[in-house]
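The structure appears right after this line, and notes come after that.
The values are calculated or read from the model by the stated rules, or taken from the named source; none is laboratory data. Keep in mind the model is a prediction, meaning the values are calculated, not measured. Cβ placement follows ideal geometry from the backbone for every residue including glycine, while neighbour counts extend to all protein chains displayed.
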Amino acid sequence: MPQGSVEGRVALVTGSTRGIGRAVAELLGAEGARVVVHGRRQEDAERVAAGIPRAVPVSGNVGHLAEVRAICRTATNLLGPVDVLVNNAGIAPRTAITRVTDEEWDETIAVDLSAPFWFIRELVPAMKRTGGGCIVNVTSGAGIEGIAGFSSYAAAKGGIVGLSRTLALELAMFGIRVNLLSPGADTDMLRQLPPELLSTVLDMVPPLEDTARAVLELVADPHVTGRLVRTDEATYTRPAPNDA
């Protein structure tokens, strides 16, 4: 394939039935990648995949290791070895620290931190055998700068930063690149901000297409690894009020 192209590559985008993930899946498909569209519900994945050339749908709850393994197995069986992984799926509960339950903490860590680790661990062996690959992990300004009310989410997204930078070093010798995107977009997490902050932020966040383009550039550029790209600065111009 041409240098800098995604033509013919097999790309698994988790959480790609809406929002950022869907925009990324659609753009990668438009650029010639064979895309695995993932969602919790099979019917949602099928609906989105139907609108993307060469795309296939898979479903499963990424917060459970057995289902992550099944997603990877199905994706490989349908399209062959995955050489582009975009870990986008996530949840962002807004809860004051004194009201965060063990169940909420465990679920958020599982979906936002353990799942990317599981997907990488499952798919890297095939990337090594086929001569390389690209991983883009979606983090958040919450994990970089913090944001009041999102402690479990921020902890998980901060963990993704450390994991990604470590793996960029560890996997470079195998031709596997690992990069990070901290996106600014109109997402579910954003909609949980206080109304007075949300109204300001919504006027400043870039369109989903710009965020998808940032992912495409990280995937297509064969020389970039260990990079953190941010399109979310507007979201973190000032902290949300603390309602603890």
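The table that follows gives values for the structure above.
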| read-out | value |
| --- | --- |
| Residue match in segment 27-46 (condition: at pLDDT 95 or above, within 15 Å of the chain's Cα centre (by Cα) and of a type in the set (Lys, Arg)) | yes |
| First in segment 113-137 and within 11 Å of LEU12 (Cβ to Cβ), second anywhere and among the aromatic types (Phe, Trp, Tyr), Cβ under 9 Å, 6 or more apart | GLY133/PHE174; ILE135/PHE119 |
| Residue check for PRO53: at pLDDT below 95 and part of a loop (DSSP other than H, G, I, E, B) | no |
| Options LEU167, LEU181; residue that is at pLDDT 90 or above, part of a helix (DSSP H, G or I), of a type outside the set (D, E, K, R) and surrounded by 14 or more Cβ atoms within 10 Å (Cβ to Cβ) | LEU167 |
| Check on LYS157, of a type in the set (D, E, K, R) and surrounded by fewer than 19 Cβ atoms within 10 Å (Cβ to Cβ) | no |
| Considering residues of segment 1-23 that are aliphatic (A, V, I, L, M) and either surrounded by fewer than 21 Cβ atoms within 10 Å (Cβ to Cβ) or in contact with a strand residue (DSSP E or B) (Cβ under 6 Å, 6 or more places away or on another chain) (or both) only, the residue modelled with the lowest pLDDT | MET1 |
| Residue list for segment 62-80, filter: part of a loop (DSSP other than H, G, I, E, B) and surrounded by fewer than 15 Cβ atoms within 10 Å (Cβ to Cβ) | GLY80 |
| Segment 24-47, residues that are surrounded by fewer than 24 Cβ atoms within 10 Å (Cβ to Cβ) and either part of a loop (DSSP other than H, G, I, E, B) or among the aliphatic types (A, V, I, L, M) (or both) | LEU27, ALA30, GLU31, GLY32, ARG40, ARG41, ALA45 |
| Condition met for ILE20 (part of a loop (DSSP other than H, G, I, E, B) and not polar (S, T, N, Q)) | no |
| Out of THR76, THR98, sole residue that is out of contact with any Asp or Glu (no Cβ under 9 Å at 6 or more places or on another chain) and within 18 Å of MET127 (Cβ to Cβ) | THR76 |
| Count - residues of segment 208-226 that are over 17 Å from VAL24 (Cα atoms) and buried (at least 18 other Cβ atoms within 10 Å of the Cβ) | 1 |
| Options ASN88, ASN61: the member that is touching a residue at least 12 places away in the same chain (Cβ under 8 Å) and under 24 Å from GLU217 (Cβ atoms) | ASN88 |
